[in-house]
Each structure stands twice: as structure tokens, then as C-alpha cells.
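Read the structure below first, then the notes.
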Amino acid sequence: AQSVTQLGSHVSVSEGALVLLRCNYSSSVPPYLFWYVQYPNQGLQLLLKYTTGATLVKGINGFEAEFKKSETSFHLTKPSAHMSDAAEYFCAVSRPNDYKLSFGAGTTVTVRA
Amino acid sequence: GAGVSQSPSNKVTEKGKDVELRCDPISGHTALYWYRQRLGQGLEFLIYFQGNSAPDKSGLPSDRFSAERTGESVSTLTIQRTQQEDSAVYLCASSLVRGRAGAYNEQFFGPGTRLTVL
């Protein structure tokens, strides 16, 4: 079985500051890992994913995440926060090639001017 | 092209009533998924459709929950005799095909239906 833990249900950052959202997973097999973003009144949008290969993956809007097997982590970062980054972020895990995603509880990001 | 759409966007109902939630997937997407998001929790998988058959209903929480799909089009999630614990956002997603070896097929999500059971 797969599960995801996101540390911190709310994160507040200043505009221009580093955004760091933490995600740890458990999986009995090498996982596929995902970060989704949900803006108010919109559906979840895929930010980035790790399946195989390079462990540092880059996504949309300047976000990136690094798969660290030894730490069972897939933390999401962005060097400089923008007001438009205010949203809820979800980390998810699946078995390879499986459709069933297991999601974390989400982290709400607010950006201070 | 249009994304996944869901209706209604909000539904308030009284305990014991039945509700129907609708999902229109992206045209051409053969796979469709329903998830539930309760307050403060992550998304829970409910059911998966491939075409109009549902090979995986493992996430449906009780027999009050059912879903159907017409061909490779609209899906309806029905909750009978609603309870207060059914209050949640119900999300639908679609993808081109289910996962196959060496490939990942992105799930595209709709905006959800917020269900409130009084």
C-alpha cells in the first residue's frame, strides 16, 4: 500500500522568498510521485511528476522537486514565491503504471506582499 | 478544448435525501475516476471506469454509493440516504487510457462538487 504525509497544513511565505513544501511517502514498490496544485474553484492541475530517471524534476511555474529514495521524500520547492502561487498543493503517490493515486492532506500556501 | 466539468458546483441537501453528481470527462478519454475530499484530508479514491465498465469499485465507502457511466462519456455518482459524514468535495478525473507498461497517463481533474448534508 502507498501513503503520503505532507508536513504542515498551512505555509505562509513572503513574496520573493523560498517556497518549500514537504512530502514523505511510504511504498512497498518503487513509486511514481506527483505534485498537484489546486487554485480556488478550479480542478487539480499536475505541477510535476517523477516516474523514472533523473531524480530532480522540473515542473510548471518554476517549481521543482527532488526524489530522495533514502529519505522517502519528494519535497517541492520554488526559489522565489509569487503572489500567484497562493493555492493548495497536494503530493500523491502511485504504484508504477497504476491509475490509483494516494494523496496527502494538502498544504495551503499563502503569499504575503 | 474543454476540460473535465462537474455539476452542480455546490449541493446542499438534507440528511436522508438522495443526490446525483455529474461528471463530463474530456472528449476521447476512456478512463474516468471519482475521488472524495473530506475537510482537512487528502483525496480518497472511490471508483474507476474503463469505458462504461467499473473494474475497480474498491473505494466506495458503502452500498449507499453507486456510479454509472454512459459509454465513454458522462458519469453519475449517486449517494442514497445521505448522511452528514458524506459532506465533502467530490472530484472527477479522466485520462486517455489506464496505465500501461512504460507509460503514465495523466489524470485531468474537474473543479469538484461541494456536497453539504445538513
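In the list B:13, B:76, which residue meets the criterion of being under 26 Å from residue A:37 (Cα atoms) and either away from chain A (no Cβ under 14 Å) or modelled with pLDDT of 95 or more (or both)?
After ruling out the rest, the residue left standing is B:76.
When only residues in the range B:25-34 that are touching a residue at least 60 places away in the same chain (Cβ under 8 Å) and closer than 12 Å to residue B:77 by Cα count, which is surrounded by the most Cβ atoms within 10 Å (Cβ to Cβ)?
Per the stated criteria, the residue is B:32.
Please determine, by comparing only the residues of the range A:61-113 that are among the basic types (Lys, Arg) and part of a strand (DSSP E or B), which one is farthest from the other protein chains (Cβ to nearest Cβ).
So, considering only residues that are among the basic types (Lys, Arg) and part of a strand (DSSP E or B), the one farthest from the other protein chains (Cβ to nearest Cβ) is A:112.
Does residue B:44 satisfy being in contact (Cβ under 8 Å) with a residue 12 or more places away in the chain and buried (at least 16 other Cβ atoms within 10 Å of the Cβ)?
It is true that residue B:44 is in contact (Cβ under 8 Å) with a residue 12 or more places away in the chain and buried (at least 16 other Cβ atoms within 10 Å of the Cβ).
Can you tell me which of A:29, A:11, A:93 is modelled with pLDDT of 95 or more and not charged (D, E, K, R)?
On inspection, the qualifying residue turns out to be A:11.
Show the residue pairs that are 6+ apart or on different chains and have beta-carbon atoms under 9 Å apart, the first residue being within the range A:1-17 and outside any loop (DSSP other than H, G, I, E, B), the second being charged (D, E, K, R).
Listed by first residue and then by second, the contacts come to A:5/A:22; A:6/A:22; A:7/A:22; A:12/A:112; A:13/A:85; A:13/A:112; A:14/A:112.
The values are calculated or read from the model by the stated rules, or taken from the named source; none is laboratory data. Here the structure is a predicted model, which means the values were calculated and not measured. Methodologically, a virtual Cβ is constructed for each residue, glycine included, from the backbone with ideal geometry; neighbour enumeration extends over all protein chains shown.
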